[in-house]
Amino acid sequence: MTVRMRRLAVSVFLLAFGCTGTFDAEQGEGGEHAAVRPPEVIDPVTCAATPPTVGATPLRRLTQLQYLNTIALVLDGPMPADAETRLRSILDGREGGFRSSAGVLDEELVRQYLALADELAGPIAAQFAASCDDDSRCADALIRTLGRQLFRRPLAEADVVEYRMMYDEFAAEFGASDARVTVVAALLSSPRFLFHLEETQEASSGALRALDAYGLASRLSFFLFQSAPDETLLAAAEAGAFDTDAGIEAEVRQMLADPRAARGIEHFFTQWLELEGLSDVPNDDPASSPGLPAAMRLETLTFIEDVLGGSEPSLASLLTASYSFPNDALAELYGVAPRDGRVDLDPSTRAGFLTHPSFLFRFGDRHPEIFRGAWVLSHLLCAPPPPPPPEVPEADSASRLSTQPCATCHSMMDPLGFTFHHYDALGRFVEDAAAPAAEPAIVDPQNRLDPSLVGPVSGPRELAARLATSDDVHRCVSDQWDRFARGRAETEFDRCEQLELSERFIASGGDLRELIVSIATSPTFRARSASEY
Amino acid sequence: MNQRAISRRQLALGLGASAAALPFLRSFPASADGRPLAKVVFFASPTGFLVGPSGGSGVEGWLPSAMRGREMDVPARLPEVFSPLEEHKRDILFLGELRGIRGVGSHQQAVCMLTGRKVYRNEPERSAGGDGDFNGDGESIDQLLARRLQVAPLGLSFRTNGFQLGEGRMSFTEANRPFTPIQSIADAFDRVSGGGSAMPGLDVRLARRESVLDRVAGDIRAIEGRVSMADRERLQSHLESVRTLEQQIGMPSAGCGAGEPGSYDSTSHENIPRLIRDYNQVMVHALACGFTRVGFVQLGNLEGSLRPRWSADYGLDANFTDHAISHKFAGRTGAGSDGLSEARARDLGVQLQVAYNDLFADLLTRLRETPDVDGSPLLDNTVVVHVKPQGQNHSTSNIMWLVAGGKNLGIRGGRFLRVDGRHHNDFHVALAQTVGLSDVTSFGRGDHNTAPLELG
């Protein structure tokens, strides 16, 4: 009888004898362990008094970026164009606000992955075989080396035997070269490659069940590098680097110092700031050019990289720093002389990424205040406005703010968005911009925000300063980084951990690098929920 | 050697472990008395027909001017948006005044129109500020028909990615489980060629696919014991897909040639008309050769991300999305419609609907010209439904669907029928009953069912 069936049987037994209430003690194979519930109240004291819990991890497959980067470990050069087109046609899902693919694969998607495996297997096998001299030894090396790399752990001997049998049968009929391609196609088609299996150790500790060393190395690598762990990391896992708290922290800091860490950071901000959508923004401003969206994106990413690599890698710096990296096309928008590298901007008109053209341009030129305001509400205050009604009538600012039902939501979004009313749709500062329909302000009719945030705002500089010093804003950003790292939204079982992370983030002065380290070294990042087993 | 556990879905499809039961072979020949079997194809184009019943602003409405009551025979000349359908009009039932799913925005109707339900909501996901993908909340009608008729449905689409994740989906095997259509012409031809054509190296590829699938099944068995319970279920479901795919290997050609596909970029907007005509050809081939009885041809994300850069085909050369055009047609701004005047939007909107109906007419022509097993036109035994998620002016009122063919199934074409706000659900029930599923008396959400529409 499986554990699950036994549990069902016991609960049926209890029900039959008139037990009421929730069934919250479980009989495991080797004895009892009580299922741990998170506390009702989420605050530092109650959380500290409760044993740690973590939410269940839905099975996710590699995202497009993770697939691409992992293939780059076994294939030099760019991915063949047909294969990349096919990969892009297999859409990523979205969990917790970021790319993460937890949905079930239907037959057509499985078929697409198989076709992709077929397309990649040839070049990968050929590259590997170039360093072989003996077919038989080559087959073994191929299975072990690529298997280890693609599955993120060494193959068990029994697996090696099975793959070798497949190779031998195929080689007998079609020759060694085709047989090698078949092995690679099989590896790339396996769920062990396609899915984040995140295997654990055998035993649980309370409500947590620790990932094994390879599982943790994988999770860290996919988080920080958006790629499978390379051989160095796998070897480190084998050598016990991930067996202690100190070891894990040392590895994490080393990974963060690696140039590849830029991938994870860039992936977060590209999604958070919606930089991928810039080229779809409709724009017929004469000052614009086809290359402008890409230039805007590059500026913001360069700025972020610079801040995070500098002496004050904080959220406050990202919000308030008055320098940037405008290239030629953007220099015109800023009204500065074109120059390479870092440019100091006028601090009275430019403060952080909120005054970058990428942010200001992102939402088009029809009532940008609505969308700029909504973005700040959702992404910096974690107080998203409700979705719009099914049929949205055309209305100007004044009527949006004065008539119902529009005013309920627009009174939150528009005044906040009007903070930027001096910035046109390309992000240029316009001194004599028309007066907005409402006073720029953070407005909170439903009392969702910290009162110290609420009130009129004179412009982006004041807005940025106010947000930069807010604990709630820091908690909001920390929570989003946590969702990004885990590839899912939080459940009640994650809230204590999120609270701890956000308190640490605040205590560190909003240090984003330390936030990444905290997330990666947290006790729950290296574990799954025991209740899943 | 391999233990093949038969899944519930395989049983439902009537497939056992026997190699003879291959989903896309001619495994369901004409019935014992030689009569052809009922078939259904959905043709899905984005947004709505835009023109309302009475038109306005220089645009002709769809309601024939002489129409008084609920029903009227097709007039001597169809309204302009339907002009490509003149030669088929006696076989088309113009079903107007359908109403979309209540409580769901116009941008989510596409996900709902074939399920007859609201959108599936993943509550923890939404409360954490993420959208999740949005998915249908139940089995869509095409999947129900395929399941009950024991065939594997064939879905062909221009790429479905669009403005928001989920908008591109209209077919679901169950709640939160989208059915992904084929999205490239090469894949579409592969699918119905069944590996029978004489391509060099084909035997290696087929043998390789067989080996790979066998190994994948082996891998799943090897790791099952180590993973969480939920993961094990997911892997089981993956294994079911693998098994189904295994059964499709090495099918002999059924002797009906689908022809050779051209080699062109299936993801480019410029190629959409050519792609859809090729998809129509593949679909008709699949029906004629008994590969399936249920399918759909979809023009990508039905909220309208396609751009009709179709100067060669239709003299249309707009870089605006269908969505932007439909917004401006309705007199609304936004959605990328800047630079598009209302007058031009009306012209473009009508031209675009004409183009869609021309592609629909192409499908009908092919069905009419291809014989079924008894020599009668395929069209007479196939219900072909042109579906759109929206109606007049990008809204969800006054939705019009075109129900073509199926003469031998009792569909009575050649008329306009106003259904006065009935929901799609009533149509879906009628459709199911038309193809012989008389036990289907309700579909989708209960409160959207009144009575089956009278299609005959």
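Quick notes on this structure:
- Considering only alpha-carbon pairs that sit under 8 angstrom and 6 or more positions apart, the relative contact order computed for chain A is 18 percent.
- Counting only Cβ charges, +1 for Lys and Arg and -1 for Asp and Glu, the dipole size of the stretch A:262-363 around its Cα centre is about 160 debye.
- For the stretch A:344-381, chymotrypsin sites (Phe, Trp or Tyr not before Pro) are listed when DSSP marks them as loop and at most 13 other Cβ atoms sit within 10 Å of their Cβ; the list is empty.
- Mean Cβ neighbour count within 10 Å, used as a protection proxy, ranking B:299-309, A:200-210, A:240-250 highest first: B:299-309, A:200-210, A:240-250
- Close amide-amide hydrogen proximity is noted between A:Tyr323 and A:Leu345, A:Gly352, each under 5 Å apart and 5 or more residues distant or on a separate chain (H modeled in the peptide plane; Pro and chain starts excluded).
- Principal-axis analysis of the Cα atoms of chain B puts helix B:342-369 at an angle of about 50° to the longest axis.
- Exceeding the 20 Å Cα-Cα cut-off - candidates B:Lys39/B:Lys407; B:Lys39/B:Lys118; B:Lys118/B:Lys388: B:Lys39/B:Lys118
- Dipole-positive endmost among B:Pro84, B:Gln150, B:Leu63 within the stretch B:34-187 (Cβ charges, Cα centre): B:Gln150
- Ranked list, fewest to most other Cβ atoms within 10 Å of each Cβ, for A:Glu119, A:Glu514: A:Glu514, A:Glu119
- Rounded to whole Å, sorted largest first: equivalent-ellipsoid semi-axes of the protein assembly as shown, Cα gyration tensor: 44, 40, 28
- Counts of other chain beta carbons within 10 angstrom of each beta carbon in peptide A:181-191 average 6.
- Ordering A:Gly77, A:Gln127, A:Ala235 by the projection of their Cα atoms onto the charge dipole of chain A, which places +1 on the Cβ of Lys and Arg and -1 on the Cβ of Asp and Glu, puts A:Ala235 at the extreme positive end.
- Computed packing ranks the peptides A:416-422, B:64-70 as A:416-422, B:64-70, most packed first, by mean other Cβ atoms within 10 Å.
- Based on the reciprocal of the average 1/r between different C-alpha atoms, the Kirkwood radius for the stretch B:387-444 equals 12.7 Å.
- Number of partner chain Cβ atoms within 10 Å, mean per residue of A:487-493: 3
- Among B:Ile101, B:Ile141, B:Ile223, a tally of other beta-carbon atoms within 10 Å of each Cβ gives an order, fewest to most, of B:Ile223, B:Ile101, B:Ile141.
- Considering only A:Leu301, A:Leu318, A:Leu360, and ranking their Cα positions along the charge dipole of the stretch A:264-361 that arises from unit charges at the beta-carbon of Lys, Arg, Asp and Glu, the one farthest toward the positive end is A:Leu318.
- Under a model in which nothing but the beta-carbon of Lys, Arg (+1) and Asp, Glu (-1) is charged, the protein assembly as shown shows a dipole of about 2740 debye around its Cα centre.
- The mean sequence separation of alpha-carbon pairs under 8 Å and at least six residues apart, normalised by the residue count of chain B, gives a relative contact order of 29 percent.
- Mean ellipticity per residue at 222 nm, deg cm²/dmol - from DSSP H runs of n ≥ 4 across chain B, formula -39500 (n - 2.57): -9500 deg cm²/dmol
- Per-residue average of Cβ from other chains inside 10 Å of A:167-174: 2
- Amide proton proximity set for A:Thr491, modelled H, under 5 Å, gap of 5+: A:Gly55
- Near the amide H of B:Gly155, within less than 5 Å, lie the amide hydrogens of B:Ile182, B:Phe296, all on another chain or at least 5 residues away, with H placed in the peptide plane.
- Short-range pairs are left out: with C-alpha atoms under 8 Å and at least six residues apart, the relative contact order of the stretch A:83-150 is 23 percent.
- With 5 Å bins from 0: P(r) over the stretch A:233-273, alpha-carbon pairs, percent: 6, 22, 20, 19, 15, 10, 6, 1
- Ranking of B:Met113, A:Met412, A:Met255 by count of other Cβ atoms within 10 Å, fewest first: A:Met255, A:Met412, B:Met113
- In a simple Cβ point-charge model (Lys, Arg +1; Asp, Glu -1; nothing else charged), chain A has a dipole of about 620 debye relative to its Cα centre.
Laboratory data are not the source of any read-out in this text; all were calculated from the coordinates shown. Quantities reported herein were computed from a predicted structural model and do not represent experimental measurements. Heads up, the Cβs are rebuilt from the backbone with ideal geometry, glycines too, and the neighbour counts pull from every protein chain shown.
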